[in-house]
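Just so it is clear, none of the values below were taken in a lab; they were calculated from the coordinates. These numbers come from a predicted model, not from an experiment. Glycine also receives a Cβ, built like all others from the backbone with ideal geometry; neighbour counts cover every protein chain displayed.
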Amino acid sequence: MNKLPKQQVFKDPLYGYIHVDYELIKKLINTTLFQRLRRVRQLSGVQMVFHGAEHSRFSHSLGVYEIANRFLTVPDVRNALSEREKLIFLCAALLHDIGHGAYSHAFEDIFGVNHEKIGAKLIESNKELSTLLNTIDKDFASDVASVIRKTKKFPLIEQLISSQLDVDRLDYLERDAYFTGAAYGHIDLDRLIRVMYIKNGQVVFKLSGIHAIENYLISRYHMYWQVYYHPVSRAYEVILEKIYLRVKDLLIMNFPFRGDVDALKKIIHNPRDLDNYLEIDDYYINGLIASFTKSTDDILRSLADDFLNRHIWGYINQTPENQDKIREIEQSYSKEELKYFTSYRTVENSTYKDDGENFGDKIYILLEDGQVSTLKDQSQIIASLMQSGKKTDPKFFYRKK
């Protein structure tokens with residue numbers, strides 16, 4: 001657990017500086033796998049709506065690491081973790097997104113992969129990563145991977161990495177708000193850190209900081225509906241999903257592609273083929289889609305042109321009064337076109353819910369008498385929004401003729 005002779009810093013638009021003290025963290029940042037995250041955009045189709053949203057999983061992962069670093073300034077957190085556990089926390093924060101594929105979630109939906117499972121496997125099996133991590137001890141890589149897998153071996157660290165209020169969400173909400181220009185995602189991080197304590201192995205927040213928590217949850221809710229679930233962004237991501245689907249189907253038919261689709265072909269046959277999975281970043285997909293604009297397959301060529309040139313599909317709310325209009329649109333396509341040129345997609349979100357059974361599914365409040373309560377019981381605003389702040393948005397997307 002060697003420390004650098006001099007602290008290294010990365011200039012960051014949110015935090016001023018991201019601070020690196022451990023030699024291991026510096027080496028992990030310089031690995032091939034972590035540098036690959038520069039080539040995976042954080043917000044996928046959102047940049048078609050908010051043109052500034054060009055930031056990467058690389059910058060987000062550095063930000064999550066920095067917040068983890070700041071969490072370790074909290075006396076209760078610092079005292080609850082051994083020196084080795086602190087480094088596990090920092091490494092897990094840094095590497096939490098190491099398994100993301102091109103354009104993130106659209107890729108996962110079509111090819112049936114999970115970035116967290118892949119990330120944990122990469123941490124253990126990638127020679128460069130695992131060798132570095134295991135310079136601490138022979139079990140270090142598997143322990144970092146266990147945090148990503150949520151095996152409950154390190155329950156406090158897992159809660160800090162992935163819960164209702166964790167280092168991941170705190171960075172992506174603020175970072176995404178900054179780069180999209182949205183006014184909704186701003187969070188009082190310093191206040192949240194100041195009111196954080198550990199009680200019986202559980203993260204709790206002082207009652208006096210409840211306003212900062214309410215602001216965080218309401219900001220999160222608005223970011224989802226105004227940014228992440230923006231219908232134009234969703235329409236653009238549907239095009240990408242349909243490209244993946246068409247490529248998948250054409251590969252099965254041994255269609256002669258102009259571009260190099262070997263990596264995708266191997267992933268379809270074996271989703272656990274990590275070497276080929278790592279070749280598939282945004283740069284690879286963009287180059288491939290550019291080659292598809294010259295395809296002899298009319299459907300693939302049309303989809304590729306839509307994607308590259310921002311021909312956003314139409315969308316209609318999937319409500320009873322719109323069913324006739326939806327049927328009319330569907331009937332205008334052939335059976336094959338219907339599969340690739342239309343899509344039903346539903347998103348849903350709520351301000352806050354605490355009915356999960358996993359560690360970290362509730363936000364706990366530390367009362368003045370030392371007792372621990374739940375956020376729902378201490379915040380009338382959140383209790384009310386748990387009932388009224390639920391929203392579902394089903395839409396029908398279609399390629400315009």
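Points to keep in mind about this one:
- Take the Cβ atoms of K199 and D275, set R0 to 45 Å, and the FRET efficiency comes out at 0.50.
- Computed E for N134/N286 - FRET, C-beta separation, R0 30 angstrom, nearest 0.05: 0.25
- Pairwise label distance in nanometres, K3 with M253, each label 7 Å out on the Cα-Cβ vector: 6.3
- Relative to the longest principal axis of the Cα atoms of the chain, the long axis of helix 210-223 makes an angle of roughly 10 degrees.
- Angle of helix 298-308 to the longest C-alpha principal axis of the chain, folded into 0 to 90 degrees and rounded to 10: 40°.
- Matching label, Rg/Rh (Cα atoms, Kirkwood Rh) computed from the structure shown, candidates (1) 1.22; (2) 0.99; (3) 0.96: (2)
- Ordering V74, V40, V227 by the number of other Cβ atoms within 10 Å of each residue's own Cβ, fewest first, gives V74, V227, V40.
- Measuring between alpha carbons in the structure, the pairs from K153/K362; K11/K391; K153/K376; K121/K206 lying more than 30 angstrom apart are K11/K391; K121/K206.
- Taking a sphere under 13 Å around the Cβ of L251 and counting the other residues whose Cβ falls inside, with K and R at +1 and D and E at -1, yields a net charge of 0.
- Convex hull of the stretch 265-401 built on C-alpha atoms - directionally averaged projected area, nm²: 14.5
- Net charge, G99 excluded, C-beta distance under 9 Å - Lys, Arg +1, Asp, Glu -1: 0
- Each Cα pair under 8 Å and six or more residues apart adds its sequence gap; the mean of these over the residue count of the chain is a relative contact order of 16 percent.
- Degrees separating the helix 167-180 axis from the principal Cα axis of the chain, which is the longest one: 50
- Peptides 187-200, 320-333 ordered by packing proxy, namely the average of other Cβ atoms within 10 Å per residue, highest first: 187-200, 320-333.
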